[in-house]
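The structure appears below as structure tokens.
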Amino acid sequence: MSVIRSRSASLLALIAGFGLSGAVSAQSADERAPGWSLGVGAAWAPSPYRNYDNKALPLPVVSYEGKSFYFRGTSAGYKLLSTRTDELSILVSPFANRFRHQDTDDARLRQLSNRNISGMAGVAWRHTADWGVISTSAQKEFTGHGGGTLLDAGYSYPLRKGAVTFIPTVGVARSNSALNDYYYGVSGREALRSGLSAYHADSGTAPYVNLMAIYRLSPSWVASGGMRYTILPDAVTDSPMVSADHTRSFFVSLSHVF
């Protein structure tokens, strides 16, 4: 169940779309058994962009945990250090925010350029203790979208009751100006074309809360669900592209463990 907990959590983070922290895993090294899990899931994550078309998304859930390599939801990594209490790894993963002008009903936003999903690479560290789990990461964008950076730190404390495990998590994500400006800035050329005010986004800090629930249906089947609530920083909410001060996302899945 611990392996599934980590994988489901990382996919929830992707769907939240504002960082890669998500609900951190509460597993120790001796619980992270190698193997695959395959499943299906669905997510709903309303966008903060104005008048944006928000759709529930069906998603595959595919994960692998090896001695050195792992693929957890949407993140691929290599473990530099793995002990009973600590894991240090390098990883690549998507920053799953995007803006498509055809998906908004706002006439001005339809004149803006699209913003695409970004590739991120960096390092992650997790420490597991009796009092909970601390997880941190530092990543940099490498796909030509401004080279922004994202820092994340979270704390979780798993609560087990029979076949159900609840994982509440609190954390904070810090995105720099380059990353925020790519997704929420309005260039002078776009301002002339759309009628919006030109805007340059600064860096910002976004606190968040996750709650995951994992239910072991059988030795091979696990169901999970969760939600994430993020308070957006002023650098985002001040953008003329945005009409919300927070985001929410919801996720459910069913996975088979091999």
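The values are calculated or read from the model by the stated rules, or taken from the named source; none is laboratory data. These figures come from a predicted structure and were not determined experimentally. SASA here: full protein model, heavy atoms, side chains in, ligands and nucleic acids out. Shrake-Rupley method; radii C 1.70, N 1.55, O 1.52, S 1.80 Å.
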Query raised in the report: Given that compact globular proteins tend to follow 2.2 N^0.38 Å, what is the ratio of the alpha-carbon Rg of region 31-134 to that value?
Result: 1.42
Query raised in the report: Most mobile of 160, 248, 189 per a Gaussian network model of the chain (Cα springs, under 10 Å)?
Result: 189
Query raised in the report: In the Gaussian network model of the chain, springs joining C-alpha atoms below 10 Å, which of 205, 128, 104 carries the largest mean-square fluctuation?
Result: 104
Report summary line: For the chain, the per residue accessible area (1.4 Å probe, Å²) is 44
Query - Spatially proximal lysines relative to residue 67 (Cα-Cα < 16 Å; intrachain offsets below 8 disregarded) - result: 79
Query raised in the report: Only one of the listed values, (1) 33, 19, 15; (2) 31, 22, 18; (3) 36, 22, 14, was derived from the coordinates as semi-axes √(5λ) of the Cα gyration tensor in Å; which label is it?
Result: (1)
Report task. Keeping the other protein chains in place, figure out the carbon and sulfur percent of the accessible area of the chain, with a 1.4 Å probe. Result -> 61
Query raised in the report: Mind checking which of 135, 75, 220 has the largest fluctuation in a GNM of the chain, springs on alpha carbons under 10 Å?
Result: 220
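Take 241, 227 and sort them by solvent-accessible surface of the protein heavy atoms, 1.4 Å probe, largest at the top.
Sorted descending by solvent-accessible area, the residues read 227, 241.
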**Report entry** Descending principal axes extents, region 109-258, alpha-carbon based, whole Å
**Finding:** 59, 29, 28
